[in-house]
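Q: There's a structure below that I have some questions on.
The values are calculated or read from the model by the stated rules, or taken from the named source; none is laboratory data. In this text the structure is predicted, and so the values were computed from the model without any measurement. Cβ sites come from the backbone with ideal geometry, for glycine too, and all protein chains shown count toward neighbours.
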Amino acid sequence: MFVFFKVERSQNLVYIAIAIFIIILIVLTVIFSSNQLTQAYISHEYLSNGWIDSGERNYEESFLGLEKQATFKYKIDESYDTSYPAFLTVTSIKTIFMINEEELLSKTIEIINLASKEKNITIDKDSKIEGERILNNRHGTFYVIFNGTYNSNNVSESIKIIGETWNCPISGKSVICIGVAQITDNY
């Protein structure tokens, strides 16, 4: 039996540690490179009837960049006409594992509740309507609709809040759209 070189046990452990480190590095490289977020937005050609891109953008990353989120905001241009104020947010979410639809709808309702408290909107929980539909691109969506009241300057305005969610399996992202519109004018 030929022995070209003798390797000590401690050297074996070093080689094993280096091999494990290289494997982990390769796995992380694959994960990070495949975790690009394609952002959902409304193209300017589809913005009409007073809707404009407000220019507000919010980008977030967590878990070392493995989870990403991008939010674009749109609104009715006040100079368009005397229509009531309305706002729309489109949020794209990319996680390691795609969020299931029920969890995504729950997250949407949670966002609506938190934002309503921040904006002094009271949500009528009894008015909640949930459903699902199929878009033209064959994505199945889930939606929730609430009535609400905005209280400001001793005047109450009726508000309609709509949240809609869907997953895009090809891009591996989830989308949450939330629209808020004033539907009365009591000033």
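Q: Quick one: which strands (runs of 3 or more DSSP E) lie wholly within the range 133-187 and hold at least 3 residues that are among the hydroxyl-bearing types (Ser, Thr, Tyr) and either crowded, with 18+ Cβ neighbours inside 10 Å or free of Cβ contacts under 8 Å to residues at least 40 places away in the same chain (or both)?
A: In the range 133-187, the matching strands (runs of 3 or more DSSP E) lie at 140-152, 155-168.
Q: Right, here's the next one. Could you list, in sequence order, all residues of the range 45-60 that are surrounded by 10 or more Cβ atoms within 10 Å (Cβ to Cβ) and either modelled with pLDDT under 70 or not in a loop (DSSP other than H, G, I, E, B) (or both)?
A: Trp51, Ile52, Asp53, Ser54, Glu56, Arg57, Asn58, Tyr59, Glu60, listed by residue number.
Q: While we're on this one: Give the residues of the range 91-106 that are among the charged types (D, E, K, R), at pLDDT below 90 and out of contact with any strand residue (DSSP E or B) (no Cβ under 6 Å at 6 or more places or on another chain), sorted by residue number.
A: Result: Glu102, single match.
Q: Considering only residues that are of a type in the set (S, T, N, Q) and surrounded by 10 or more Cβ atoms within 10 Å (Cβ to Cβ), look in the range 1-33 and name the one that is modelled with the lowest pLDDT.
A: Residue satisfying both the conditions and the ranking: Thr29.
Q: Give just the number: which of (1) in contact with a helix residue (DSSP H, G or I) (Cβ under 9 Å, 6 or more places away or on another chain); (2) farther than 24 Å from Thr184 by Cβ; (3) surrounded by 15 or more Cβ atoms within 10 Å (Cβ to Cβ) does Val90 not satisfy?
A: All conditions pass for Val90, except number (1).
Q: I'd like to verify a number: residues in the range 107-132 that are surrounded by 13 or more Cβ atoms within 10 Å (Cβ to Cβ), in a strand (DSSP E or B) and either at pLDDT below 90 or of a type in the set (A, V, I, L, M) (or both), how many?
A: So the count comes out to 2.
Q: Among the listed residues Glu157, Glu132, identify the single one that is within 18 Å of Glu118 (Cβ to Cβ), among the acidic types (Asp, Glu) and more than 14 Å from the chain's Cα centre (by Cα).
A: Being within 18 Å of Glu118 (Cβ to Cβ), among the acidic types (Asp, Glu) and more than 14 Å from the chain's Cα centre (by Cα) holds for just one of Glu157, Glu132, which is Glu157.
Q: Residue under question is Leu88, and the condition is that it be at pLDDT below 90 and in contact with a Gly (Cβ under 8 Å, 6 or more places away or on another chain); does it hold?
A: Here the answer is yes, as Leu88 does meet what is asked.
Q: A further question on this structure: Can you tell me how many residues within the range 94-106 are in a loop (DSSP other than H, G, I, E, B) and either loosely packed, with under 13 Cβ neighbours inside 10 Å or among the aromatic types (Phe, Trp, Tyr) (or both)?
A: 3
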